[in-house]
Structures are given as C-alpha cells and as structure tokens.
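J.: Got a structure for you, questions after.
What follows draws every value from the coordinates through simple rules; no lab data is involved. What you see is a predicted model, and the numbers here were worked out from it, not measured in a lab. In this analysis, Cβ positions are derived from the backbone assuming ideal geometry, glycine residues included, and neighbour counts consider all displayed protein chains.
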Amino acid sequence: MNDSGKQPALLNPYAENLYNFALDREDIKWLLQGLPQDGQVDLNTVEYELQLLKIVSTGWAISFYLQEDPLKDQIQEPYWQAMREFSENISQTTSLLIGKDIEYFKILKSRLETYVQAMAALEPDNDPTQAIGPAFAYCCGDRDNPFTTLAGAKLFANTLSSVREYLIKAVGEDEGSCNVTVQ
C-alpha cells in the first residue's frame, strides 16, 4: 500500500515518522505468516484489514497518549491529513484498477468508529485488546476465528506499544517536557 503515489508533505517529523510507521508492512507480513495457510482464513482480507487496523491504531494512540500534551494537535492533525492524502491516492488507483469508486478514507473512519465502539463497551479496567481482537475478526468476516482474533489483538497491542515508546522518546526530547500518558 505504501507504493501508490507520492508521500504527502507533513508539517513535522513526529507526524511523518508515525505516518511511515503506520504504513510499514513488516509486522503485517510477519503476522500473516503465522496464520494457518489451509484456507480457513481469507489471507487477502486479513492483510487488508491489518493495514487498516494499524493506521487507525496509530492515529488513536497519538490521541490517547498525548491527551494533555500541547503537541497532540501538532502531531495528530498532520498525521490524519497525510492519511487523507494517502487515502485519496489509494482510492484513485484502486478505482482505475477495478472500475469501481471506493473511498479509502471513509473506510478508515468507519474502522476507527468500529474499534472505538468496541473499546467503549469494555469495563473500565479491561485491556482494550480484548475488544479489538474480536472486532478485528468481525471486520475480516469471521468473528469466531481465534487466529484472526489473535492477529488483530497482537497488531493492536504492538502498534500501541511502538507508538507509546516513540512518543516518550520524541516528545520527551522536545523542550524536555513529556506528558505521554503512562498506562
């Protein structure tokens, strides 16, 4: 997905690094290799949904971990603007290939809403991966598949951990103040 057009110009290196991280596919490839190859899981759908999950998880993590930090909007807004531009490129390219209009950014927004709703249904102290795994499997078309559920939960947990680590280092270096929420 990362090869479909030019990279949007971003306003700051934090948003650019998180944008690049969200589109990096190495962890997605690794998760796909761990799934059964026996046809029980539609690997194309899982791959597509894993990319969507990583993009929305990265954006959600920015907001979550920088709740009180003044840099939140300076990172979050350019990140989502870059994703909007990326989505337009994907939409145009895909529309040309398949002859049908799609709105990739609208799909991203829909998935974000799905995952936020799933987390909102949890008890306050529960681990969000308990909601994300099943919601991810549902988006893949098989809510009861344990492998798909685990793949979504793993990607979500790893994405949050990576974004949190990055923000602690990056934001902490910016003028010596770091307000990243520690969970």
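J.: Toward the positive end of the charge dipole of the chain, about the Cα centre and with charges on Cβ (Lys, Arg +1; Asp, Glu -1), which of LEU160, GLY99, GLN130 goes farthest?
T.: Sorting the options by dipole projection puts first GLY99.
J.: Rg(Cα) of the stretch 42-102 divided by 2.2 N^0.38 Å?
T.: The value comes to 1.39.
J.: Then there is this: Just order 149-160, 20-31 by mean Cβ neighbour count inside 10 Å, highest at the front, would you?
T.: 149-160, 20-31
J.: For the stretch 17-119, just say rounded, prolate or oblate: build the C-alpha gyration tensor, square-root its eigenvalues into a ≥ b ≥ c, call rounded for a/c under 1.5, and beyond that prolate if a/b exceeds b/c, oblate if not.
T.: oblate
J.: Per residue of the chain, what 222 nm ellipticity follows from adding -39500 (n - 2.57) for every DSSP H run with n ≥ 4, rounded to the nearest 500?
T.: After summing the helix terms and dividing by the residues of the chain, the value is -23000 deg cm²/dmol.
J.: Using 19 Å as the Cα-Cα cut-off, could you pick out the over-long pairs in LYS29/LYS54; LYS54/LYS109; LYS29/LYS154; LYS109/LYS154; LYS54/LYS154?
T.: In this structure, LYS109/LYS154 lie more than 19 Å apart at Cα.
J.: Apply 1/(1 + (r/R0)^6) to the Cβ-Cβ distance of ASP127 and THR93, taking R0 = 35 Å, and write down the FRET efficiency to the nearest 0.05.
T.: The pair ASP127/THR93 has a calculated efficiency of 0.40.
J.: What ranking of VAL163, VAL41 emerges when the number of other C-beta atoms within 10 Å of each C-beta is taken as an exposure proxy, fewest first?
T.: Listing VAL163, VAL41 from fewest to most nearby Cβ atoms yields VAL41, VAL163.
J.: To the nearest 20 debye, what charge dipole does the stretch 14-170 have about its Cα centre, counting +1 at the Cβ of each Lys and Arg and -1 at the Cβ of each Asp and Glu?
T.: Dipole about the Cα centre, nearest 20: 160 debye.
J.: Also, I was wondering about something else. Run the Debye formula on the Cα coordinates of the stretch 72-156, all scatterers equal and no solvent, and tell me log10 I(q)/I(0) at q = 0.21, 0.25 1/Å.
T.: -1.03, -1.09
J.: Let me ask something else about it. I need the fraction of alpha carbon pairs in the chain separated by more than 19 Å, rounded to a whole percent.
T.: 59
J.: Choose one of LEU32, ILE55, THR45: the residue whose Cα lies farthest towards the positive end of the charge dipole of the stretch 23-63 (beta-carbon charges +1 Lys, Arg; -1 Asp, Glu; about the Cα centre).
T.: Farthest towards the positive pole: ILE55.
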